[in-house]
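Scroll down for the structure; my scribbles are underneath it.
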Amino acid sequence: MESWIFLGLILLIAYLGKNSSLLIAGAVVMVIKLFPFLSQKLFPVIQAKGINWGVTVISVAILIPIATGQIQFKDLINAMKNPAGWIAVICGILVAILSKHGVNLLSSTPQVTVALVIGTIIGVVFLKGVAAGPVIAAGITYYLVTLLNLSFS
């Protein structure tokens, strides 16, 4: 029963915060949860592979402008001609490294997910952020926890 209340609260917060991604995610999880035979099979698979699926979908979305010709080699060359382009490359590298550690942290320490979800909800609802960074947040968490010699146990 507690999980239903928790998910319902997340749906309410997502609705009030006008966060359609979180609202859809919460609704999908609740619908799957309605069918125990389905949730027993789907939840472990989604939990194990969902982040990778999400990264794949995001990667596809990022590549679409290249496929449609909106981004061409000349755009890449022009981006490399100014400091902002190089900053973007460096940030892309940093995010990839943070994400790698974030995925590892999420799979090895599931309890951190609760804190990340709460932080993401607060950032989205109260600070008008976008819920696109749980993996990056996990990566930052990994580095801070390691730096401060802390643990989740």
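The values are calculated or read from the model by the stated rules, or taken from the named source; none is laboratory data. Computed from a prediction, not measured in an experiment: that's the story for all the values here. Because the Cβ atoms are built from the backbone with ideal geometry, glycine has one as well, and the counts that use them run over all protein chains shown. Surface accessibility is based on the protein's heavy atoms, side chains included, excluding ligands, DNA and RNA. Shrake-Rupley method; radii C 1.70, N 1.55, O 1.52, S 1.80 Å.
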Mean separation of Cα pairs under 8 Å and 6+ residues apart, divided by the residue count of the chain: what relative contact order is that in percent?
24
Name the trypsin sites (Lys or Arg not before Pro) in the stretch 34-97 that are in a loop by DSSP and that have at most 10 other C-beta atoms within 10 Å, would you?
Lys81
Report in % the part of the accessible area of the chain that belongs to carbon and sulfur, leaving out ligands and nucleic acids; probe 1.4 Å.
75
Structure-derived P(r) over Cα pairs in 10 Å bins from 0, in percent - corresponding label in (1) 11, 44, 40, 5, 0; (2) 13, 37, 34, 15, 2; (3) 9, 29, 35, 19, 7, 1
(3)
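Between Tyr143 and Asp75, take the C-beta separation as r, use R0 = 41 Å, and let me know the FRET efficiency to the nearest 0.05.
Values: r = 32 Å, r/R0 = 0.78.
With R0 = 41 Å, the Cβ-Cβ based efficiency is 0.80.
Full-extension gain between Val95 and Thr109, please, as 0.36 nm times their residue separation minus the C-alpha to C-alpha distance.
On the way: separation 14, 0.36 × 14 = 5.04 nm, distance 2.00 nm.
Working it through step by step, the gained length comes to 3.0 nm.
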Send over a whole-number figure in Å² for the accessible area per residue of the stretch 35-148, probe 1.4 Å.
72
Which lysines, if any, have their Cα less than 30 Å from the Cα of Lys41, not counting same-chain residues under 8 positions apart?
Lys33, Lys49, Lys100
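Using only alpha carbons, build the gyration tensor for the stretch 37-102 and give me the equivalent ellipsoid semi-axes, biggest first, whole Å. Walk me through the intermediate numbers first.
Working: eigenvalues 230, 56, 5 Å².
After diagonalising the Cα gyration tensor, the semi-axes are 34, 17, 5 Å.
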